[in-house]
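This is the structure, below, for whatever I ask next.
Read the figures in this text as sums done on the coordinates, not as results from a lab. Keep in mind it's a predicted model, so treat the numbers as computed, not measured. All Cβ positions, glycine included, derive from the backbone under ideal geometry; neighbour counts span all protein chains shown.
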Amino acid sequence: MRLILTAVLALIAVFLLRWWLPGDRLEQSLPSLPDTRFNYTLSDFEARFYAPDGEQELLVSGPRLVHDQSQRTATLDQPRFRWFGQQQPWDGRAVQALFERDGDILTLAGDVHIEQQSERGRHQIETERLQHLRAERTILGDEPVRLTGPGTLLTAGGLTIRLDDDTLQLSDQVHGRIHRTQP
């Protein structure tokens, strides 16, 4: 009887030791997961982006978003967008938008139009390309731009819009025409 009891205890000790020691059991116990990188297309796309304080900072929508996993980008056809700043939002449209994954950059390309309504009237910007840098809350343009507003026509080689303080800065070959408007 003592021999059987010693054999059972030895067998239990071997099983406990095998279980306790690292080995290939971890690899066998985890299920194999599928590769999560894939291409996809979404219809009637809409996305809302929020600042760390919970305030909405960007709304983007469009009829079709196409994700390309090899390029790590998503392309949105005929985007409509709204940037929220300190005052009135900037609303706009373009031919195409490109989201760069892990870069927090939204690039708008092709016939880009944005506008902002203020107490003095509507201000419009037209260009071929803009980039929204979400982390900096800045919109940059390095293509020729045209800015129109009540009694104002300005052209420049580029622009910067800072959404935190609603400032617009024109750069490179700035030309303007200002007409006096009646109150």
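List the GluC sites (Glu not before Pro) within region 62-168 that fall in a DSSP loop (any state other than H, G, I, E or B) and whose Cβ has at most 10 other Cβ atoms within 10 Å.
Glu119
Which order do His113, His175, His67, His132 fall in if you start with the one that has the fewest other Cβ atoms within 10 Å?
Ordered from fewest to most neighbouring Cβ atoms within 10 Å, His113, His175, His67, His132 come out as His175, His113, His67, His132.
Extending each Cα 7 Å along its Cβ direction at Gln117 and Thr155, get the distance between those two points in nm, one decimal.
Result: 3.0 nm between the two label points.
Name the long-range amide H neighbours of Leu58: under 5 Å, sequence gap of 5 or more, or other chain; modelled H, no Pro or chain starts.
Amide H to amide H, under 5 Å and 5 or more residues apart or across chains, Leu58 pairs with Phe49, Phe84.
If I model a spin label at Glu128 and Gln88 as a point 7 Å from the Cα along the Cα→Cβ vector, what separation in nanometres do I get?
Roughly 2.9 nm, to one decimal.
Can you tell me how region 115-183 classifies by the Cα gyration tensor, rounded, prolate or oblate, using a/c under 1.5 as the rounded cut?
oblate
Applying 1/(1 + (r/R0)^6) with R0 = 35 Å to the Cβ-Cβ distance of Ile178 and Arg48, what FRET efficiency is obtained, to the nearest 0.05?
After rounding to 0.05, the efficiency reads 0.40.
Separate question: If you stretched the chain out fully between Arg2 and Glu136, how much longer would it get, using 0.36 nm times the residue separation minus the C-alpha to C-alpha distance?
Gain on extension, Arg2 to Glu136, equals 40.5 nm.
By its C-alpha gyration tensor, with a ≥ b ≥ c as the square roots of the eigenvalues, how is region 40-178 shaped: rounded for a/c under 1.5, else prolate for a/b larger than b/c, else oblate?
Since a/c reaches 1.5 and a/b is larger than b/c, the shape of region 40-178 is classed as prolate.
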